Structures are given as structure tokens and as C-alpha cells.
Amino acid sequence: MSGSGAAWVAGGGRAVQGELKVPGDKSVSHRAIMLGALAEGTTRVSGFLEGEDTRATARVFESLGVRIDTPSASERVIQGAGLWGLHAPSGALDCGNAGTGMRLLAGVLAGQRFDSTLVGDGSLSRRPMQRVMDPLSRMGASFEAEPGGLPPLRIHGNKVLQGIDHQTTVASAQVKSAILLAGLYARGETSVVEAHPTRDYTERMLAAFGWPIEFSPGRARLAGGHVLRATDIDVPADFSSAAFFLVAASLVPGSALRLRAVGMNPRRTGLLGALRLMGADIVEENPREHGGEPVADLLVRHAPLRGIEVPEALVPDMIDEFPALFVAAAAARGRTVVRGASELRVKESDRIATMAAGLRALGVSIDETPDGAVIEGGRIGGGTVHSHGDHRIAMSFAVAAQIAGDEVRIEDVANVATSFPGFVALSNGIGMGLAEA
Ligand code: S3P
């Protein structure tokens, strides 16, 4: 999908109230398809995110000869082809808008006996792939990309991969995962050491599929030459999708909302820490395990927020939540400072620039810095903002609109379907005001 097209008109919502469960986790859904496809036997996935990003990954594996059935929207049944059972595709493999899909696939495809080409939409075609090409090339993989390391990414197969010890320079679970997945095909041991620990779903899921792996926050080590054994995966609700409602209910007076069975992997929940520092009232209820992942119900009630200096240590654990955090900051009393978040510039859009332009259009005072922003909280006005085809920007402005002085028009919202199909209906169901324009 190109990302252009469709708009929302938002605002005039009531207090946010009731209960809801957001769709399945995007990171876990991508990995469930990938490991299920490479496993021996049948993997059943429940709670699957029926979004465009994860469907693109499933289509890629179908093009590689894997049978994937869809008994219902949130279920997939994957007939694993085994580590060496993928077939050469007849054309380019389209990852859509998904950076996770393309970067993790680069690791898987680097180990195959055939050539392949990964392509993506306009946004993905501007996202850096050098960060995976460099370590994978050190393992013996061979790539060609456009100038600047941009997609399409051509992967030459039939290479003998060798395990490496890699120290990451950018905090990126996608880079770590690409290396570990290539490590399944490599001779000897592969290890990754991270300066800042990132989400560990690849490590957890490899263990669930029976692959021997040692891991702890910031470290992972495995050796090639084992087998993935099919297992059933129960995908938790996506914390990043819940994040929009955590902010909406915090901001709109009179709100009280319960979000059910939200994934609480500590490498994902940094926003909770930041919102609590701002004065948010969020209670974790009924903590439990769901398919090997911690989940909890989250009860969030309106509370006046104050500006903070976002602790840099929280940044990797809330990297996808900055658009929502910027909205909370714009509505808070006082100044919020974000530093150490330059990765935001290479997401689905340049999220610092896109949020700054949109908030300014709504009358908010915000200064961009190379690795963050300084936001003066206060009143949010009405106006027109552009999401630049970035799903999380569109949903964040839908939240901002709920407390804006006037109507907010949000352009280019079609890509919300990449991560959160049904966002409009769920939002309206709890009292937010949001309509397709
Ligand atoms: C993801 C890792 C993060 C995150 C993305 C999903 C993953 O990207 O922003 O939404 O599933 O591994 P980076 O690895 O670029 O930080």
C-alpha cells in the first residue's frame, strides 16, 4: 500500500469509558509466521494481528512455498517447510510497509540456497538496510541495494554463513533478530551484545520452537545446526496499540478505561514509566502469562499530566510510543524534553519532524533537536495535520483531537491498517470522536 489516501475528521469525543482488547502484537505475529514456516510440523497461531504488515510477511512465505491457512481472521495454521524447505520465489517479495518484515527476512534469506529480492512501499523504500547488510555480510552473506543501502534488497543465495560475535551500534531488535535468524543457518556460534537491551521476542520464540539459545537482557547466543519444532503461539495484545488509549484516557476528563490482556514485555512498556512520571493514573490488574509472555489488564483513569525530562534509559523500551508521548506532552502542564531518540528519524516517517509539523499546525510550541524535541505543554487547537502515511502518527493525532479546541482533520491515514485494523470502530466504541472523512 502506498500510504496515501483517506482522511479522518476527529474531535468532539466524550470521556473515554468501558473495556476493550486491542489486536495482536505486530512483532510477535511477524515472528510467529517466520519461525512457523521454518519449523518441522504444524504451528497454530492465535491472536494473530490481521494487519497489512503481518499479512505481507505471510504472503512472502507463501511465495516461498509455505502453506498458511486462515481459519479465522486472528488465526493462522502454518505447515512448516523446515529450515531448508523454502523454494525459490518466482518474483520479488513484497514486504509492504514493514521494516520488521524486510530486516528479519534479510537474515532468513541470506542463508538460503537461492537468490531473492525484497521490495517495499514508498516509506519502506526510504528506510536504511545497511544496518542489517553490514553484520550479515560479515557472516558471509551477499547483498545488493540501492545507493545509501536502500531497498530493493537483492540477496544472493548459496553462501556459506559463519557465526559472528556482534556488538550493536544502534539499539535495534530488528538488526539483532536478522543476525540471530541468519545464525540458524551459520556454522558455529553467533552472538549479539547490545548497548541498550531491545525487545527479545526472537530469542523467546526460538526457545519456544526448541532451538537451543542462551539469552538475557542485552545478550543472545546460539549455534547453527539444530531444528525448529512446531509449536502453538498465542499472541498477546499489542502494547503499542494500547498506548493510544492509555494516552486518550489520561487526557480526557472523566475517563476510565480497562484494556484487557495487554502484552507487558518489559522491553515494550517504557511508556508506562514515562506516563507515570507525568502523573498518569494507570493500574496493572491481574498480571498473568499468555503464551510465555507477561500480560495484564490496564485500568487507566484521567489525571492531569505534567511535563518531564524523559529518562534516556526508557527510550528503547518505548521507541514506538513517541508519537503518543508527544501528544501527552503537548497536553501536559510545563515542558517535556526528549533526548537520545534519533532512531525516530528512520521509522515509517521521520517521527520527530512529522510530529513537530503536526503539533505546530495545532498551535503547540515544539522545537526539534537532532535526537528529540522540546515540547511546551498547554492548549491543543484544531486544524489539519498530515500523517505522511505513518500509522502511529495518524492514531496519535486522533488522540490529540479528543482534547483539541476545534476539529482536527488528519490526512493520509490508510496505513493505520498496517498495525491496527478496526481502530476507528474501537475508538468510537469507547467514546472518542473519529470519522472517516
Ligand atoms: C521491532 C523493532 C523496532 C520497532 C518496530 C518493531 C521488531 O524497530 O520500532 O516497530 O519487531 O523487532 P528497530 O529494530 O528499528 O528499533
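Numbers at a glance
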{"item": "Nearest 10 degrees, 0 to 90: helix 239-251 Cα axis against the chain principal axis", "result": "10 degrees"}
{"item": "Pair-distance profile P(r), taking every C-alpha pair of region 364-433, with 10 angstrom steps and integer %", "result": "19, 46, 30, 5"}
{"item": "Net charge of Cβ neighbours under 11 Å - reference Ile430; Lys, Arg +1; Asp, Glu -1", "result": "+1"}
{"item": "Phi-based couplings in Hz for region 71-84 (Karplus 6.51, -1.76, 1.60; Gly and Pro marked x)", "result": "x, 7, 4, 9, 10, 9, 10, 10, 8, x, 8, x, 4, 10"}
{"item": "Debye intensity ratio I(q)/I(0), log10, region 71-213, q values 0.09 Å⁻¹ (C-alpha model)", "result": "-0.26"}
{"item": "Inter-centroid distance (Cα atoms) of region 228-248 relative to region 57-71, Å", "result": "21 Å"}
{"item": "Cα centroid separation, region 198-212 to region 7-21 (Å)", "result": "36 Å"}
{"item": "Summed side-chain charge close to Leu251 - residues other than Leu251 whose Cβ falls under 14 Å, Lys, Arg +1, Asp, Glu -1", "result": "+4"}
{"item": "Rg(Cα)/(2.2 N^0.38 Å) for region 25-130, N = residue count", "result": "0.99"}
{"item": "Ratio of the Cα radius of gyration of region 292-398 to 2.2 N^0.38 Å, where N counts its residues", "result": "1.06"}
{"item": "nm² value of the averaged projected area, convex hull over the Cα atoms of region 98-161", "result": "3.6 nm²"}
{"item": "Acute angle (nearest 10 degrees) that the helix 391-401 long axis makes with the longest principal axis of the chain, alpha-carbon atoms", "result": "10 degrees"}
{"item": "Coordinate range along principal axes, alpha carbons of region 210-320, Å, largest first", "result": "56, 30, 19"}
{"item": "Radius of gyration and maximum dimension Dmax of region 183-256, Cα, Å", "result": "18.0, 59"}
{"item": "Hull shadow area, averaged, the chain [alpha-carbon convex hull, nm²]", "result": "17.8 nm²"}
{"item": "Considering only the chain, percent of DSSP beta bridges that pair antiparallel, nearest 5", "result": "75 percent"}
{"item": "Inter-part distance where region 338-375 and region 27-44 are each reduced to a Cα centre, Å", "result": "35 Å"}
{"item": "Ellipticity estimate at 222 nm from DSSP helix runs (n ≥ 4, -39,500 (n - 2.57)) divided over the chain, nearest 500", "result": "-8500 deg cm²/dmol"}
{"item": "Cα-Cα separations in region 21-61 greater than 12 Å, expressed as whole percent", "result": "54 percent"}
{"item": "C-alpha long axis of helix 26-38 to longest principal axis of the chain, angle in °", "result": "10 degrees"}
{"item": "Cleavage-rule hits, trypsin sites (Lys or Arg not before Pro), region 336-437, DSSP coil, Cβ neighbours within 10 Å at most 16", "result": "Arg339, Arg379"}
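None of the figures in this text is laboratory data; all of them are computed from the coordinates on show. Computed from a prediction, not measured in an experiment: that's the story for all the values here. Note: ideal-geometry Cβ built from the backbone for every residue, glycine included; neighbour counts use all protein chains shown.
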